[in-house]
1. Going by the structure shown, is residue 187 modelled with pLDDT of 95 or more and not in a helix (DSSP H, G or I)?
2. For the range 182-222, enumerate the residues that are out of contact with any Phe, Trp or Tyr (no Cβ under 8 Å at 6 or more places or on another chain) and of a type in the set (Val, Ile, Thr).
3. Of all residues in the range 221-257, count the ones that are among the β-branched types (Val, Ile, Thr) and assigned to a loop (DSSP other than H, G, I, E, B).
4. Residues in the range 235-256: is at least one more than 25 Å from residue 335 (Cα to Cα) and either within 19 Å of the chain's Cα centre (by Cα) or crowded, with 19+ Cβ neighbours inside 10 Å (or both)?
5. Determine, yes or no, whether residue 129 is under 30 Å from residue 326 (Cα atoms) and of a type in the set (A, V, I, L, M, F, W, C).
6. Scan the range 182-210 for residues that are of a type in the set (A, V, I, L, M, F, W, C) and buried (at least 18 other Cβ atoms within 10 Å of the Cβ) and jot them down.
Amino acid sequence: MRSERKYITIKDWIAFFASTLLIFLSSVLLVVFSVIFTFIRLVGKRPLLVFVSVFGLILLFFVTQWMVVPISWRAKEDTVSVVIEQGDSMTRIVQRLNEADLIKDGTGLLVLSKLLGKDRYIQAGRYDFMRGTTLYSVWDKLIRGDVALNEVTIPEGLTIKQVAGILKREMQIDSSKFMRVAMDGKFAKSMGISASNLEGYLFPDTYKFSWGTPIEKVVRILVEQFKKTFTDSLTRRAEEISFSLAEVVILASMIEAEARDGEERDLISAVYHNRLKRGMLLQCDPTVIYALPELDRQLLLKDLEIDSPYNTYKYPGLPPGPICNPGRASILAALYPADANYLYFVATGDGSHIFSTTLRQHNNAKIKIKRARSNKM
């Protein structure tokens, strides 16, 4: 995922030149003080020398403390994270920095932020500070909005509910609210997805989100990644095989749920394509499992009797919607099935399948696998 581009504003330039000017002036003052000191020694004006020297030393002390000397680290950890909430005032931000044992006195931060008008524009999010940082570095990170990013990986084949669980664990997102947004048909249509929910369109990938990213934006990012992946060339391919976008995603989700061995996706796709052409029931176990969301055991024969449009043992054709969120490999497999006349496959137990062209071959394969399992026991 690409991070949003940040543009340098006039106030950013002012902050940069202000800090540079402070360093320059401190250097100039040291030279000037040396000249004044020499001059005053010659003319003998000791009171003026004392005043100028004290003023220069005080200014140099504050500049050094601000920009050079590391913060006196009170925290035990080498990294301190501070969460800035939306709408926090600069006073509240300084309080949060203090509560995190990062700083003792935030007066300098308050004054400089108000002088440059930055106190009202600090971005909400999580900020990570390393041991050895200076007060200026803390202030600079805040005004630049250098928020920490959460790297979140969404694996292939997860349902909306499972995606919500990952986001809750990794980003403390409200999973129930995420579910409501992702299951909202109107929200789906607002993004150009003609479906009752976004199952199948939350694209599996690794993303970087800043802390506190709104749930609606998170969902949009996942869907936009799907739309980027489903290019115009894939749309044309779907038209060539007389599949709608929805049908491709549904079939891809079934392939994703069945495929343990990535090399077999196009063969599994061939089986389903061949069955669809012949008007055969697809008989896909994962679609039945999807219709039984609370199932916590292996699928039994009695489960195949459930009256659900997702029961592809009872209802012909594709189920009404995707059963998970497929990755690019399964989408490609749905569009480009292997050139094979297989009509059956059975799992061997090691992640692979035995493919057959006739029911007799299929039954023999099942007997062979059953014997192999019995011998291992």
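1. No.
2. Selection gives 206, 213.
3. Restricting attention to the range 221-257, the residues satisfying the condition of being among the β-branched types (Val, Ile, Thr) are 221, 223, 229, 231, 235, 241, 248-250, 255.
If we keep only those that are assigned to a loop (DSSP other than H, G, I, E, B) as well, we get 231, 241.
Residues meeting the conditions: 2.
4. So the first thing to find is which residues in the range 235-256 are more than 25 Å from residue 335 (Cα to Cα), and the list is none.
Checked against the condition, which is being more than 25 Å from residue 335 (Cα to Cα) and either within 19 Å of the chain's Cα centre (by Cα) or crowded, with 19+ Cβ neighbours inside 10 Å (or both), the range 235-256 yields no hits at all.
5. Spelling it out, it is not the case that residue 129 is under 30 Å from residue 326 (Cα atoms) and of a type in the set (A, V, I, L, M, F, W, C).
6. Matches in the range 182-210: 182, 187, 188, 193, 195, 198, 202, 203, 209.
Matching residues to (1) under 29 Å from residue 150 (Cα atoms); (2) hydroxyl-bearing (Ser, Thr, Tyr); (3) at pLDDT below 65:
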site: 43; (1), (2), (3): no, no, yes
site: 57; (1), (2), (3): no, no, yes
site: 77; (1), (2), (3): yes, no, no
site: 83; (1), (2), (3): yes, no, no
site: 86; (1), (2), (3): yes, no, no
site: 89; (1), (2), (3): yes, yes, no
site: 102; (1), (2), (3): yes, no, no
site: 105; (1), (2), (3): no, no, no
site: 126; (1), (2), (3): yes, no, no
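Condition check ((1) under 30 Å from residue 339 (Cβ atoms); (2) aromatic (Phe, Trp, Tyr); (3) touching a residue at least 40 places away in the same chain (Cβ under 8 Å)) across all residues:
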{"site": "181", "(1), (2), (3)": "no, no, no"}
{"site": "210", "(1), (2), (3)": "no, no, yes"}
{"site": "225", "(1), (2), (3)": "no, no, yes"}
{"site": "231", "(1), (2), (3)": "yes, no, no"}
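The values are calculated or read from the model by the stated rules, or taken from the named source; none is laboratory data. If you're wondering where the values come from, they're calculated on a predicted model, not measured in any experiment. FYI the Cβ positions are ideal-geometry reconstructions off the backbone, even for glycines, and counts take in every protein chain you see.
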